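The values are calculated or read from the model by the stated rules, or taken from the named source; none is laboratory data. The model shown is predicted, which means the values in this text are computed figures rather than measured ones. Neighbour counts run over all protein chains shown; Cβ positions are idealised from the backbone, glycine included.
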């Protein structure tokens, strides 16, 4: 055969393209891609649900010869509509992390030392089972505890069941509260909080809520923000962000209002003052569905009019009175105003008070009665599950059904304070503590207490994919699989106005030696002789997921994810009894779920129904006083001060101001690249951690230009930041996006473990935090620490 | 070494270093070779690991290598250009200077010409320049003009060297084969002299435009981009002036060094230094004039990106270097050279060294600040040269010193035959020439009113 | 055919997904902390921040910055070996095996979009599995930059060819446009009136970076409207 030059080149091009490349430029895979080069290079796609954060984004994984090479968004997943965030992108780096543990490890040295001996799974499970059986024998099963990082999946509930069936109520879920969670829980008893539909509002004010970088779902809210930003050119929608730091939410708002950390409640009440004075009230709603707006001495009206004139609010918050009046008028006169609180307002000593005040703004102005703005939290197809709660009276934990807890608090709020309660003798010390998906020694502001406590517990078992900062305080570390290697269902995302269950399925075979957490728990339960699921045949966690899937199928509601069609059309179909997909048998349903990635219920968008005997309770002086009394266990030792002052004024004293020219309030913040510190294990996220200030792989301190000038500090200088608890050295980034009173430091770096990409990179600002607590919710405060700054000579 | 010649040569001081080299020669060569060897190892490391071993990064993607490239090529202008201009203008005082100047060119050009290769991320693909070369790229113009300049200037060095090599051959200096081979059968016949003269005249004319083009083109590397601080029409002449300026300073330093070491006081007289230093003074003024125009136009244009670079040089991170440069290139030499009292050999030496330092700083100030201050809102870049880059700089200088020493070991640094020729004929030629300038005396003049 | 991109800054929230998607899609090396601190981080898609005014009138603009794919690319003009050139579809492409690493293009690019492989890019053994097999990993010592994910164009083109039809707009989208959650990044043929970019590029809000340099970027920004 004669091949001309032209043919040859053509052939070259075709083979090049077949080899996955294009022209000479692309067709040279590195030598380590041997496998792919020699393989048939068959491209397949699998769908699953992202497990990097609790947002439940649908993902689509591209596999070449069964090796996952890229994670993309699942275009038909309702939360993310085909998009992901940087955390979602880097999931494969977690799956293939070089430092993943592949066999159980037993600690060799003292607690706190990271030296390990590998043992077999049998040995490990035997050791745990022996201890568990010991507890059973001594009738001390209540001294088993389970600390579980809640990634909003079925697994958390499963771990709760495991704990309960093992005879203990000490199940401690660990998670970031949803938007408005504290405030609405206090005001209405509602948990999880109401959902809201951002697209329906015409005036959005976010009190510390950073929807774009923090849970519940950054991808969803980035999507919605994009839409709002586009439409606001015509609609004139105002988006106001209130915070000491201009986070991404502030940058994308139409206005940023600087406040002191922790003072946002006073700002909200200052606005309420103006709204009340202007009579810009939703009288009907107040009369019908609220309590204690006007009740006599110390009622809400009294509280606001006496102590929150704009001038006084201005003193507390640092926001000019005119601004407060302007915001209040605009908010009050909007048709569907929406005030959200969360984020930084969750992590202050006035967390619950702030959120309650913000929630009250919504109740005053008709936001809560605005059409379609607020939605009921959608119930799960299998009915609501129970919630782990904490009773401040008896200082005990219990699993209780939703919305029936009396004076209990959600246990997830006070997770960080566990060691404090133990050392104060409020709860009995544990004999066994299991830890999964949480890293308290890194994440908690009272790290010292945690280290001491973990050091005292006879058996700490950690289930982890990587050794993390907590591992040195564990006695056993069991290798767990990642979300890409196991079955799970992600639950509906709090605050999002629709119900969704995302299916997680293994996209790669599990790492040899690592086991899914659910399977480990099942095995431990078996060892105890307690069948966790007597009612059904559950042999593995995958079976349990299937049981739940059957329940969805049986409920007859909703549908597997489907390509976007108009909801009106869908409603039409529904009326005629048709469905988008047909799945006569469960096996068809299951196959569809696996193909489409999850289930959702697009039809049910129930508005919040106030006629169901619900009432919005305003904060009042007597109620605040009573709550402080009732929850005194959360922040012991300050009773005398409480009695001398009105409760809200006493709370307000926790709003801190810098005292000296070199003093700042430390204000840690989280970023989309890391969220709760877990992202640090992945190199892509580590590099992008400092994307905005261009300080990749680093922690920095953001300082206002005015203060920097006063201290003659220049951009890039190294400073020593010292608090009572210690000091850290950080490079300064001088930006106008922080208030002059704070020093903002990103949270997420400074791990002592968590794999080679995280270890000893950057600084953890939490280590120098003065661990203080909100006396009403038990939330740890990140915004109560005075730090002094001094420049270090380079 | 024993004196090989029967009769003492009239220019014995010029032959002495060749016929009986000092012992310290070998010591210095040894030290230099050690430095160069170490530099070689450092460079090998760069080849193995990549340019990561340097301090270059984004956005400052060019550093010491390009700075030194421009600097060395600038120094190279000392020689051939100056020697050619002096020869062309028939300046008689040139005779003891031209050789030294030409040698600088040849050696420095070889070193400078290698710098772009050192700077390459893929030196193994250097030949792409030839078979994939794009003539539209200023870098390729550079390759062309530097090669041409190197060829022309080595030939221009070699041709006037032939009679001197013949002298050495005739005196039986070892290694004979070298002089035998290089003298090309020079017998000093009239015809040979004529051919030599002819060749030199042709080369002289060729070499001047090439030399000017070399530095103009180097400036084009910068000026052909749209970067602030680089994109300037003045850059061509500015670079040429800077090159000649640093070149003269380099010659002066070398002249002073050789005068001292080889005891050439009889050849390099004060008048030579005086003339050259006045030339240096003039170049300093011209340099200042160019610098002044360059920055003044930039300042009045007040284009924001231009100004970012401007302030970076005037008051920002580069201010210490900038003002040192201005002092070294302008204030110090002008102060020293304007005053007859300080225009002594030590004074000239200080001025020349200061100019060399100043001109190196100027290259630094041209290359780095424009790169460090990108147009878009990126942070200002930082460039801290590493050990590798410093070593390659020191190594480059060592190669120059070594090269010059080896040349001086084997060949006279002052052209013997031209000196002889000068002794014999200069006076006559100059008299003739001067009389040819003079207005003719009209034979029938009445002898004034 | 002239491929181009429109980035609507009114829609963009600056989330950084385009940056992450680009890094993953194109196997852009992740540079370790020490190198990164020197300024050797490689981002084909970068995020620029501009602060305007002072509080309370402070506005922060976040601008995703890919390669501008200029119609008169200053980088291609100066390349001595044609390792970077503008192809017939307007994409300023890189030929890595031809690059000699002189970095002249980096010095010449007014947008500073190019990255250089100062060292051989390294991945951990496991993580290297996740590399995109469609895109080669660059060797040490060459310059690289955004290519508008040209490998996707090739793939889509061949698909279209095998089905004997024209290339559809949605078939060839670079990773950043595909991943942008707000849909702020739109990609297509600037000369094809059926493509969205064609209309958007003529919006009154349309602007280009450093327009006055005459580089004629094919990345068009739509300014914020409020």
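Counting only residues that are more than 14 Å from chain A (Cβ to nearest Cβ) and not in a loop (DSSP other than H, G, I, E, B), how many does segment C:162-195 have? Break it down stepwise before answering.
Filtering segment C:162-195 down to residues more than 14 Å from chain A (Cβ to nearest Cβ) leaves C:163-169, C:171, C:187-195.
In the following step, the residues that additionally are not in a loop (DSSP other than H, G, I, E, B) were identified as C:169, C:171, C:187-189.
Adding up the residues that qualify gives 5.
Can you pull out the strands (runs of 3 or more DSSP E) entirely within segment A:297-402 that have at least 1 residues that are under 20 Å from the mean Cα position of the chain (by Cα) and within 19 Å of residue A:209 (Cα to Cα)? Lay out the reasoning, then the answer.
On the way: elements: A:337-341, A:387-391, A:396-400.
The qualifying strands (runs of 3 or more DSSP E) are A:337-341.
Given the conditions (1) out of contact with any helix residue (DSSP H, G or I) (no Cβ under 7 Å at 6 or more places or on another chain); (2) facing chain B (nearest Cβ under 8 Å); (3) over 16 Å from residue C:142 (Cα atoms); (4) touching a residue at least 12 places away in the same chain (Cβ under 8 Å), and given that residue C:110 satisfies all but one, which numbered condition is not satisfied?
Looking at each condition in turn, residue C:110 falls short on (1).
Of all residues in segment C:123-144, which are at pLDDT 85 or above, farther than 19 Å from residue A:44 by Cα and out of contact with any strand residue (DSSP E or B) (no Cβ under 6 Å at 6 or more places or on another chain)?
C:136, C:137, C:139, C:140, C:141, C:142
Here is a list of conditions, (1) surrounded by 24 or more Cβ atoms within 10 Å (Cβ to Cβ); (2) more than 17 Å from residue A:723 (Cβ to Cβ), and residue A:782 meets all of them except one; can you say which number that is?
(2)
Of the conditions (1) in a strand (DSSP E or B); (2) surrounded by fewer than 22 Cβ atoms within 10 Å (Cβ to Cβ); (3) touching a helix residue (DSSP H, G or I) at 6+ places or on another chain (Cβ under 9 Å), residue A:145 satisfies every one except a single condition; which number is it?
(2)
Please pick out the residue among A:182, A:267 that is away from chain C (no Cβ under 11 Å), at pLDDT 95 or above and not in a strand (DSSP E or B).
Just one listed residue meets the conditions, A:267.
So, residue B:392, is that one farther than 22 Å from residue B:53 by Cα, assigned to a helix (DSSP H, G or I) and more than 14 Å from chain C (Cβ to nearest Cβ) or not?
Values: farther than 22 Å from residue B:53 by Cα: no; assigned to a helix (DSSP H, G or I): yes; more than 14 Å from chain C (Cβ to nearest Cβ): yes.
No: the conditions fail for residue B:392.
Restricting to segment A:18-59, and then to whatever is at pLDDT 85 or above and within 11 Å of another protein chain (Cβ to nearest Cβ), can you tell me which residue is surrounded by the fewest Cβ atoms within 10 Å (Cβ to Cβ)? If you could, list the steps in order and put the result at the bottom.
First pass over segment A:18-59, keeping only residues at pLDDT 85 or above: A:42-59.
When the remaining residues are screened for being within 11 Å of another protein chain (Cβ to nearest Cβ), the result is A:43, A:57.
Working: A:43: 12, A:57: 32.
Residue satisfying both the conditions and the ranking: A:43.
Checking residue C:35 against (1) within 9 Å of chain A (Cβ to nearest Cβ); (2) more than 18 Å from residue B:376 (Cα to Cα); (3) at pLDDT below 95, only one condition comes out false. Which one?
Unmet condition: (1).
Being over 16 Å from the mean Cα position of the chain (by Cα), within 14 Å of chain C (Cβ to nearest Cβ) and not in a helix (DSSP H, G or I) is true for just one of B:172, B:229. Which residue is that? Give the steps one after another, and end with the answer.
Details: B:172 fails: within 14 Å of chain C (Cβ to nearest Cβ).
One residue alone meets the criteria, B:229.
Residue-by-condition table, conditions (1) at pLDDT 95 or above; (2) in a strand (DSSP E or B); (3) more than 7 Å from chain B (Cβ to nearest Cβ):
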residue	(1), (2), (3)
C:77	no, no, no
C:81	no, no, no
C:88	no, no, yes
C:93	no, yes, yes
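Can you confirm whether residue A:106 is more than 13 Å from chain C (Cβ to nearest Cβ), in contact with a strand residue (DSSP E or B) (Cβ under 6 Å, 6 or more places away or on another chain) and surrounded by fewer than 20 Cβ atoms within 10 Å (Cβ to Cβ)?
Details: more than 13 Å from chain C (Cβ to nearest Cβ): yes; in contact with a strand residue (DSSP E or B) (Cβ under 6 Å, 6 or more places away or on another chain): yes; surrounded by fewer than 20 Cβ atoms within 10 Å (Cβ to Cβ): yes.
Here the answer is yes, as residue A:106 does meet what is asked.
Which condition does residue A:250 not pass, out of (1) under 20 Å from residue A:494 (Cβ atoms); (2) in contact (Cβ under 8 Å) with a residue 24 or more places away in the chain; (3) within 11 Å of chain C (Cβ to nearest Cβ); (4) not in a loop (DSSP other than H, G, I, E, B), if it passes all the others?
(1)
Spot the failing condition for residue C:7; the list is (1) modelled with pLDDT under 95; (2) surrounded by 19 or more Cβ atoms within 10 Å (Cβ to Cβ), and only one is missed.
Of everything listed in (1) modelled with pLDDT under 95; (2) surrounded by 19 or more Cβ atoms within 10 Å (Cβ to Cβ), residue C:7 misses just condition (1).
Give segment C:43-63 a look and list any residue that's part of a loop (DSSP other than H, G, I, E, B) and either more than 7 Å from chain A (Cβ to nearest Cβ) or in contact with a strand residue (DSSP E or B) (Cβ under 9 Å, 6 or more places away or on another chain) (or both), or say none. Break it down stepwise before answering.
In the first step, residues of segment C:43-63 are kept if they are part of a loop (DSSP other than H, G, I, E, B); the result is C:43-45, C:53-58.
Residues satisfying the conditions are C:43, C:44, C:45, C:53, C:55, C:56, C:57, C:58.
Hey, can you tell me all the residues within segment C:113-136 that are away from chain B (no Cβ under 14 Å), assigned to a loop (DSSP other than H, G, I, E, B) and within 28 Å of residue B:58 (Cα to Cα)? I'd like the intermediate steps shown before the answer.
Filtering segment C:113-136 for residues away from chain B (no Cβ under 14 Å) gives C:123-136.
Filter again for assigned to a loop (DSSP other than H, G, I, E, B), leaving C:123-126, C:131-136.
Of everything in segment C:113-136, those that are away from chain B (no Cβ under 14 Å), assigned to a loop (DSSP other than H, G, I, E, B) and within 28 Å of residue B:58 (Cα to Cα) turn out to be C:123, C:124, C:125, C:131, C:132, C:133, C:134, C:135, C:136.
For segment A:209-238, what are the residues that are in contact with a helix residue (DSSP H, G or I) (Cβ under 8 Å, 6 or more places away or on another chain), surrounded by fewer than 22 Cβ atoms within 10 Å (Cβ to Cβ) and in a loop (DSSP other than H, G, I, E, B)?
The answer is A:237, and nothing else.
Hey, any hits in segment B:144-152 for a residue that's over 18 Å from residue B:240 (Cα atoms), touching a helix residue (DSSP H, G or I) at 6+ places or on another chain (Cβ under 8 Å) and free of Cβ contacts under 8 Å to residues at least 12 places away in the same chain?
no
Confirm whether residue C:12 is touching a residue at least 24 places away in the same chain (Cβ under 8 Å) and assigned to a helix (DSSP H, G or I). Give the derivation first.
Numbers: touching a residue at least 24 places away in the same chain (Cβ under 8 Å): yes; assigned to a helix (DSSP H, G or I): no.
In short, no.
On the basis of being in contact with a helix residue (DSSP H, G or I) (Cβ under 6 Å, 6 or more places away or on another chain) and more than 9 Å from every other protein chain (Cβ to nearest Cβ), does residue C:105 make the cut? Steps first, please.
On the way: in contact with a helix residue (DSSP H, G or I) (Cβ under 6 Å, 6 or more places away or on another chain): yes; more than 9 Å from every other protein chain (Cβ to nearest Cβ): yes.
Considered against the rule, which asks whether it is in contact with a helix residue (DSSP H, G or I) (Cβ under 6 Å, 6 or more places away or on another chain) and more than 9 Å from every other protein chain (Cβ to nearest Cβ), residue C:105 comes out as yes.
Got a sec? Which of B:182, B:161 is out of contact with any helix residue (DSSP H, G or I) (no Cβ under 6 Å at 6 or more places or on another chain) and either over 30 Å from residue B:284 (Cα atoms) or at pLDDT below 90 (or both)?
Working: B:182 fails: out of contact with any helix residue (DSSP H, G or I) (no Cβ under 6 Å at 6 or more places or on another chain).
Going through B:182, B:161 in turn, the sole match is B:161.
Quick one: which of A:409, A:399 is at pLDDT 90 or above and either touching a strand residue (DSSP E or B) at 6+ places or on another chain (Cβ under 6 Å) or surrounded by 23 or more Cβ atoms within 10 Å (Cβ to Cβ) (or both)? Break it down into steps so the answer makes sense when it comes.
Values: A:399 fails: at pLDDT 90 or above.
Being at pLDDT 90 or above and either touching a strand residue (DSSP E or B) at 6+ places or on another chain (Cβ under 6 Å) or surrounded by 23 or more Cβ atoms within 10 Å (Cβ to Cβ) (or both) holds for just one of A:409, A:399, which is A:409.
Could you tell me which residue of segment A:699-735 is surrounded by the fewest Cβ atoms within 10 Å (Cβ to Cβ), considering only residues that are within 13 Å of another protein chain (Cβ to nearest Cβ) and in a loop (DSSP other than H, G, I, E, B)?
Within segment A:699-735, the match that is surrounded by the fewest Cβ atoms within 10 Å (Cβ to Cβ) is A:714.
Report the residue count in segment A:217-247 for those that are touching a strand residue (DSSP E or B) at 6+ places or on another chain (Cβ under 9 Å), facing chain C (nearest Cβ under 7 Å) and without any contact (Cβ under 8 Å) to a residue 40 or more places away in the chain.
Just the residues of segment A:217-247 that are touching a strand residue (DSSP E or B) at 6+ places or on another chain (Cβ under 9 Å), to begin with: A:219, A:225-226, A:228-230, A:232, A:237-247.
Checking the rest, the ones that are also facing chain C (nearest Cβ under 7 Å) come to A:219, A:225-226, A:229-230, A:232, A:246.
Narrowing further to those that are without any contact (Cβ under 8 Å) to a residue 40 or more places away in the chain: A:225-226, A:229-230, A:232.
Number of matching residues: 5.
The rows are residues; the columns are (1) away from chain C (no Cβ under 14 Å); (2) in contact with a helix residue (DSSP H, G or I) (Cβ under 9 Å, 6 or more places away or on another chain).
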| residue | (1), (2) |
| --- | --- |
| B:330 | yes, yes |
| B:336 | yes, yes |
| B:347 | yes, yes |
| B:359 | yes, yes |
| B:362 | yes, yes |
| B:368 | no, yes |
| B:371 | no, yes |
| B:379 | no, no |
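Among the helices (runs of 4 or more DSSP H) contained in segment B:1-115, which hold 1 or more residues that are away from chain C (no Cβ under 14 Å) and within 16 Å of residue B:214 (Cα to Cα)?
Numbers: elements: B:12-19, B:24-49, B:64-76, B:79-88.
The helices (runs of 4 or more DSSP H) meeting that bar are B:64-76, B:79-88.
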